[in-house]
1. Going through B:131, B:171, B:183 one at a time, which residue ends up being of a type outside the set (Ser, Thr, Tyr) and surrounded by fewer than 16 Cβ atoms within 10 Å (Cβ to Cβ)?
2. Within region B:98-108, how many residues are open to solvent by less than 10 Å² (accessible area, probe 1.4 Å) and at the interface with chain A (Cβ under 8 Å from one of its Cβ atoms)?
3. Give just the number: which of (1) open to solvent by 60 Å² or more (accessible area, probe 1.4 Å); (2) more than 12 Å from chain A (Cβ to nearest Cβ); (3) charged (D, E, K, R) does residue B:70 not satisfy?
4. Surrounded by 16 or more Cβ atoms within 10 Å (Cβ to Cβ), over 30 Å from residue A:212 (Cβ atoms) and within 14 Å of chain A (Cβ to nearest Cβ): which single residue out of B:83, B:158, B:58 fits that description?
5. Mind checking which helices (runs of 4 or more DSSP H) fall wholly inside region B:102-221 and carry at least 2 residues that are of a type in the set (Gly, Ala, Ser)?
6. Checking residue B:217 against (1) closer than 30 Å to residue B:107 by Cα; (2) in contact with a Phe, Trp or Tyr (Cβ under 9 Å, 6 or more places away or on another chain); (3) surrounded by 19 or more Cβ atoms within 10 Å (Cβ to Cβ), which single condition isn't satisfied?
7. Within the bounds of region B:23-44, is there any residue that is over 30 Å from residue A:139 (Cβ atoms), among the hydrophobic types (A, V, I, L, M, F, W, C), surrounded by fewer than 18 Cβ atoms within 10 Å (Cβ to Cβ) and out of contact with any Gly (no Cβ under 6 Å at 6 or more places or on another chain)?
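The values are calculated or read from the model by the stated rules, or taken from the named source; none is laboratory data. The shown structure was predicted, so the numbers you read here are calculated from the model rather than taken from an experiment. Quick reminder, even Gly has a Cβ in these numbers, built from the backbone with ideal geometry, and neighbours come from all protein chains shown. We work out accessible area using only protein heavy atoms, side chains counted, and drop any ligands, DNA or RNA first. Shrake-Rupley method; radii C 1.70, N 1.55, O 1.52, S 1.80 Å.
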Amino acid sequence: MSVLTNNIDLYLRAFGTTIQLFFFSAIGSLVLGTFLAMLRVSPVPVLRAAATTYVTLLRNTPLTLVFFFFLFAYPLLKILQLEPFPAAAVALTLYTSAFICEVVRSGINTVPVGQAEASRALGLTFSQMLSNVVLPQAVRSVVPPLVSTLIALLKNTTIAAGFSVAEAGSISYSLSEQGEDLLAGLAWVAVFFVVLVIPLTLLQRSLEKRWSVAR
Amino acid sequence: MTSPAQAPPMIRMAGVDKFFGPLHVLKNVELEVPKGQVVVVLGPSGSGKSTLCRTINRLEPIDSGTIEVDGQPLPSEGKQLARLRADVGMVFQSFNLFAHKSIVDNVMLAPVKVRKTSTSEARKKAMELLERVGIANQAEKFPAQLSGGQQQRVAIARALAMNPKVMLFDEPTSALDPEMVQEVLDVMTTLASEGMTMLVVTHEMGFARKAADRVIFMADGEVVEDSTPTEFFSAPKSNRAKDFLGKILTH
């Protein structure tokens, strides 16, 4: 307990950064992932191929390598210099969006083809059909795997510690510098994560309950 | 009423061919439906009648021939096709109500998104239509909470909300429990008597006799007979139609 009370500032600061990193990456990957899923079901072959290539590349690469790319290789391209925090958020977003894309796409596949036919018969365009009819139903059917992907993202943020972002994963470095009990310190990190995931689980439960009638 | 010679027919199909792989599902189909006419398409299953219905708003693209709706040839996929579909109402065998939207939202969606009608106006119109098909009191429920017959009546209201020039019905009562068939047919009969141009693929002979101006009989992808209901049911010309009617009457 003394590890926690002695270093409460460190814990709060680090987890504050974790939550920020998670927040930006979660929003980013939900938006990008959904967009990619739309491309993957679009009637245009080039768009489908582009999205499929993206998903294959990002989903098959270890996250650490994506980080390495954004912190060491990307700066060499001299496009736009990124601080470690935004670079980490971009890396997490690009990586996680590939998974979100596949979850959303599997949701799209659960929507009966008649829903799309009815939309087209009423004169809705392809994008109107997706945004008003297909995607809302797709997302409703994939709430559990979607939340699981977000939970994985939350825990994946700890990789950023290896790339100069002072989030929860970096707590162990500071503790060992100060000669604190590392095992106890890490146990507290685990406890914090368990607590952080609870709201996500509750969100999943309430969404599932709310949408049980409507589909 | 204008004569068919002056106004273009509401639906015109000429030399229409359609294949599903090696299967020739529509064979050189010629069909004209003048404005205001109610045409019932009959035929054994697999005769291509549903496919015929679905080609008219290009849910099934055709392989050759031409299809015109109100004098306009069907455009290929894109905004123009969407605009044409907005004028062609369609009712499906499996209702296809939007499962995540309430009944009134189902009816309002296309007028608001496609016709850009204001929400308040679309809601007013939707409630009127729901009143007309007898479901106004269920407006806030979701499709899954309604019976099949009620869902199909909502589907008709949803199509009517776009003020279509023509209505296509693809076996609208085939997925219904027997006791719910009549309530849907009643709505369709009223619509027919109000002068709506309708093309109805169905197995309901009673509806064909009562509401149809004209009966098309299809077999093996071909239009075999094209006559009035009285003629068709009392004196079918082809053997295939006689055979078909014989089977139905024994049941």
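1. Numbers: B:171 fails: surrounded by fewer than 16 Cβ atoms within 10 Å (Cβ to Cβ); B:183 fails: surrounded by fewer than 16 Cβ atoms within 10 Å (Cβ to Cβ).
Result of the check over B:131, B:171, B:183: B:131.
2. 1
3. (1)
4. B:58
5. B:119-132, B:148-160, B:178-193, B:205-211
6. Among (1) closer than 30 Å to residue B:107 by Cα; (2) in contact with a Phe, Trp or Tyr (Cβ under 9 Å, 6 or more places away or on another chain); (3) surrounded by 19 or more Cβ atoms within 10 Å (Cβ to Cβ), residue B:217 violates only (1).
7. Checking region B:23-44: at least one residue is over 30 Å from residue A:139 (Cβ atoms), among the hydrophobic types (A, V, I, L, M, F, W, C), surrounded by fewer than 18 Cβ atoms within 10 Å (Cβ to Cβ) and out of contact with any Gly (no Cβ under 6 Å at 6 or more places or on another chain).
Conditions tested, residue by residue: (1) closer than 20 Å to residue A:30 by Cβ; (2) surrounded by fewer than 17 Cβ atoms within 10 Å (Cβ to Cβ).
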| position | (1), (2) |
| --- | --- |
| A:124 | no, no |
| A:133 | yes, no |
| A:150 | yes, no |
| A:158 | no, no |
| A:166 | no, no |
| A:174 | no, yes |
| A:179 | no, yes |
| A:184 | no, yes |
